[in-house]
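First up is the structure itself, then whatever we jot down about it.
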Amino acid sequence: MPVFQTQNANFSDIFSEICYIIDFCEAEESCRAVDIKRERRKIMSEVPACPKCNCDYTYQDRDFVVCPECGYEWNPETIEAEPSGPVFKDASGNILSDGDTVSLIKDLPVKGSSSRIKAGTKVKNIRLVEGDHNIDCKIDGFGAMMLKSEFVRKV
């Protein structure tokens, strides 16, 4: 790389030397850009697809992998430890599981009947199912029912 000297040089010499320096720097930057692109391709081939939406355009952000489409962030080392099925939560945000005992937080009308299930009614041994009403249970005095998890609280 040439050394910029101002003594005994006219303007055209200085200008040509500056242009040479700029060209040299641009060439160096393009070499760095090619190396950076190679590294990105290498890293992108190692980054897994999003487990939520199966997007291939995920990227590494420190210890996490981020999906730009759905915004999901996860740690690739701990993704296997997460449950594979849906997670159901009660009105307070507690995670429900099969066999739990819950109580209703508000009066609920029974479809096809004029009676209501009162708030505070305990429901034992619930079973979680997928669908609109995600709790399948038996309520004393009413029989088999399907409830939404947003109307119950874990006891």
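Just so you know, all these numbers are worked out from the coordinates, no wet-lab data involved. Owing to the predicted nature of the structure, the values given are computational and were not obtained by experimental measurement. Please note: Cβ atoms are built from the backbone with ideal geometry, for glycine as well, and neighbour counts cover all protein chains shown.
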Could you state, as a whole-number percent, how many of the C-alpha pairs of segment 107-148 are farther apart than 14 Å? 46 percent
Which number comes out as Rg/Rh for segment 58-155 once both Rg and the Kirkwood Rh are worked out on C-alpha atoms? 1.15
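Lys and Arg at +1, Asp and Glu at -1: add these up for the other residues within a Cβ distance under 14 Å of R62 and post the number.
Cβ neighbours under 14 Å give a net charge of -4.
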Distance (nanometres) between label positions extended 7 Å along Cα→Cβ at D132 and Y57: 3.5 nm
Pop the C-beta distance of V47 and V87 into the FRET formula with R0 = 22 Å and round what comes out to the nearest 0.05. 0.30
